[in-house]
Amino acid sequence: MSARRLLLLGPPGVGKGTQALRLARELSVPQISTGDMLRDAVARKSEVGKCAKNAMEQGELVADAIVIRVARERLTQDDACAGFILDGFPRTHEQARALDEMLGELGTPLERCVAITAEEGVLVERLLERAKTEGRSDDNEATIRNRMQVYHEETAPLASYYSEQGLLRDVDGTGSIEEVADRIQGALQ
Ligand code: ADP
């Protein structure tokens, strides 16, 4: 039986969102993307959106307290009790500890963390390409470089956090969407 409470870890542009969506459909569990939820909050001009807007536009992280609240609200909804694919959360040690705490309270601990990897040059190319088609306001070169740096400083260290818990599997993120999906399947067995 495949793991169903999953976290996808990886730098911007590595394909977390695409793979998370595929996995969510395959396993019939929700994809939980804090990036999508925050973009939605910004579009609705909600309180969370107002707090998150500036940081997002600059490729900085939104404050832990806000993101943790958003994630908690989503993870405590009924559909997440059968499983979930976390995409883009946690991104800091503080968020990772908060996640462990909330999943501990819910009695549904994380089962696997899949770290998707690729060379930075490939990622920047992909993000610049995406900027042309999707028009995300944070997909410009300066912001992309900043998101990469923030990723290396704040988020990449989480790989050892999950490795220490025995949950980490590394997956090569280069090649076609199907190739990466197959590797992820392998990492979930
Ligand atoms: P990407 O992985 O391409 O950077 P996301 O959609 O995951 O894109 O995130 C977009 C932006 O939303 C981030 O640059 C950050 O400002 C904010 N964000 C998303 N998730 C988090 C998080 N867990 N903690 C802090 N900020 C976040």
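Over all directions, the average projected area of the alpha-carbon convex hull for region 115-175 comes to how many nm²?
Across all orientations, region 115-175 yields a mean hull projection of 4.7 nm².
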What would the Debye equation give as log₁₀ I(q)/I(0) for the chain at q = 0.10, 0.12, 0.14, 0.19 Å⁻¹, counting only Cα atoms as equal point scatterers? -0.37, -0.55, -0.76, -1.50
So what J values fall out for region 135-150 if you push phi through Karplus, 6.51 cos²θ - 1.76 cosθ + 1.60 with θ = phi - 60°, rounded to Hz, Gly and Pro as x? x, 6, 5, 9, 9, 10, 4, 4, 5, 4, 4, 5, 4, 5, 5, 4
Roughly how big is region 5-187's charge dipole about its Cα centre, with Cβ charges of +1 (Lys, Arg) and -1 (Asp, Glu), in debye to the nearest 20? 440
Would you kindly derive the ³J(HN,Hα) couplings of region 110-119 from the backbone phi angles with the Karplus curve 6.51 cos²θ - 1.76 cosθ + 1.60 (θ = phi - 60°), listing them in order in whole Hz, with x for Gly and Pro? 4, 9, 7, 10, 9, 9, 8, 10, 6, 5
Rank these by accessible area, largest first, 1.4 Å probe: 85, 68. 68, 85
For the chain, the accessible surface attributable to carbon and sulfur atoms (probe 1.4 angstrom, ligands and nucleic acids excluded) amounts in percent to 48
Scattering profile of region 56-157 at q = 0.16 Å⁻¹ [log10 I(q)/I(0), Debye over alpha-carbon scatterers]: -0.82
For region 31-46, 3J(HN,Hα) per residue [Karplus equation, 6.51 cos²θ - 1.76 cosθ + 1.60, θ = phi - 60°, Hz, x = Gly/Pro]: 8, 10, 10, 5, x, 4, 5, 5, 4, 5, 5, 5, 4, 7, 6, 6
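The values are calculated or read from the model by the stated rules, or taken from the named source; none is laboratory data. This one's a predicted model, so the numbers in the text were calculated from it and none came from an experiment. Note: ideal-geometry Cβ built from the backbone for every residue, glycine included; neighbour counts use all protein chains shown. Please note that ligands, DNA and RNA were not included when accessible areas were found on the heavy atoms of the full protein model with its side chains. Shrake-Rupley method; radii C 1.70, N 1.55, O 1.52, S 1.80 Å.
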